[in-house]
Amino acid sequence: MENDKKPDIKVGWFKRHWPFRPPTRWARLSGSLKAYSLEVDRRMSLPESQGKEWVVNLKKALVQCQNQLDDNRIDEAWKSFDTARRLEIFGMEKLELQQVAKVLRQEATKLNEWRMKAIFSIIGDPEHPVNDEMTAEMLYEATLVRDEDFNNTYYKNRLTRNLFMLLFSLLILWSGLIILYFFTACDCINSKTFVNCSEGVFLLGILLFGLLGATSSSILIIRQKSGQTRITEISSNAYVTLSRIFVGAAFSIFIFMILKSEMAAKINLFTFELKSPLDFFAIAFVSGFAERLAKNAIEALAGKEK
C-alpha cells in the first residue's frame with residue numbers, strides 16, 4: 001500500500017538546481033530527516049506496531065516533510081518533522097515515556113513561564129517523580145507545547161534576520177550613493193561657502209545623510225529589541241522601521257531648512273557655528289539618527305509650554 005511505502009529521502013530542490021549548495025537550515029533538516037527515518041523504521045517494523053494508526057500518520061508526516069523540503073519550504077518541513085517525532089510517542093513503552101518526560105521537564109525550564117507551567121501541569125515538575133499514570137496522549141500534548149515554542153523562536157529569528165538584511169541593504173545603498181555624491185559634487189563639498197552650489201545639491205546630500213543616520217539608528221534599535229519582542233511586534237516592525245527611516249530623512253531636511261532660514265540666528269539651535277557643508281551633513285546624520293534633535297528645533301521655534 002502507499003502508506004507503507006518508505007519515504008524517499010532525496011537532495012530535492014538543490015539537486016535539481018545545481019550548482020547551488022543547500023543552506024545551513026536546509027542541510028540541517030535534511031540530515032535530521034534521513035537519520036530519523038532510519039531510527040524510526042525499526043520501531044515501525046515491530047510486530048506490535050503493524051497496522052497502528054500512529055504508524056500510518058507518522059509515515060505520512062515524513063513524506064510530507066520530504067515534499068516540503070524539496071520545495072524549499074523549510075518552516076513547514078520542520079513542523080511536519082516535529083509532528084512525526086511526536087507521533088512516535090504512541091509507539092513507546094511505559095519506561096520510554098517516563099524517560100522522555102524527564103528530559104522534557106528539564107527542557108521546559110528554558111521556555112517562557114506560561115509554557116513551562118503548561119508542561120508541568122500535564123506531566124509534573126522536576127521536583128517530583130514522573131506520574132506512573134502518565135499516558136502517551138499527555139506526553140504528546142506536553143511535547144506539542146515545547147515544539148510550538150521552538151517553531152515560534154525559529155520564525156521570530158527568521159523575521160528578525162530578514163529585517164536586518166533589509167536594513168543592511170539600505171545601509172549599503174545609502175553609503176554607495178553618498179560616495180557617488182562626493183565624487184560628483186566634490187567642488188561644492190570642498191567649498192567653504194555656499195556660493196558655488198545650488199540649494200538642490202546640498203539638499204540631496206542632506207537627504208542621503210539623513211537616510212544613513214535613520215537606517216543606522218534602526219539597526220541599533222532592532223538589535224537591542226530583537227531578544228524580547230514578540231512575533232507580531234517584529235512583523236509590524238518592518239513597516240514601522242521603514243517609516244522611521246523616511247521620517248528621519250524628513251527631519252534632516254527640516255533641520256536643514258531651519259538652519260538656512262533667517263530665523264536660525266534667533267533660535268540658537270546649536271552653540272557652535274556651521275561653516276562648511278560637512279557640518280551640515282553631520283547635523284543631517286544626527287537628525288536622522290535621533291528625532292530628539294527635530295523635537296528640540298520645534299520647541300525652539302514654537303516655544304516650550306510653561
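We did not get these values from a lab; they are worked out from the coordinates using the rules stated. This is a predicted model, so every value here is computed, not measured. Cβ: placed from backbone, ideal geometry, glycine included. Neighbour counts: every protein chain shown.
Is the shape of the stretch 93-166 rounded, prolate or oblate, going by the alpha carbon gyration tensor and its root eigenvalues a ≥ b ≥ c, with a/c under 1.5 for rounded and a/b larger than b/c for prolate?
Prolate, since a/c reaches 1.5 and a/b exceeds b/c.
Between Asp279 and Asn72, what is the label-point separation in nm under the 7 Å Cα-to-beta-carbon projection?
Taking the two extended label points, one gets 5.3 nm.
Could you work out how far apart the two model spin labels at Glu39 and Gln224 are, taking each label as a point 7 Å from the Cα in the direction of the beta carbon, and quote it in nm?
Going by the 7 Å Cα→Cβ label model, 4.2 nm.
Could the peptides 279-289, 29-39 be put in order, highest first, of the mean number of other beta-carbon atoms found within 10 Å of their residues?
Working: 279-289: 22.8, 29-39: 15.4.
My ranking of the peptides, most packed first, is 279-289, 29-39.
Return the subset of Lys59/Lys94; Lys34/Lys117; Lys60/Lys110; Lys59/Lys117; Lys52/Lys102; Lys94/Lys156 for which the Cα-Cα distance in this structure is over 29 Å, preserving the input order.
Values: Lys59/Lys94 23 Å; Lys34/Lys117 34 Å; Lys60/Lys110 31 Å; Lys59/Lys117 32 Å; Lys52/Lys102 26 Å; Lys94/Lys156 36 Å.
Those over the limit are Lys34/Lys117; Lys60/Lys110; Lys59/Lys117; Lys94/Lys156.
State the extension gain, in nm to one decimal, for the chain segment bounded by Thr109 and Ala238, taking 0.36 nm per residue of separation less the distance between their alpha-carbons.
On the way: separation 129, 0.36 × 129 = 46.44 nm, distance 3.14 nm.
So the extension gain works out to 43.3 nm.
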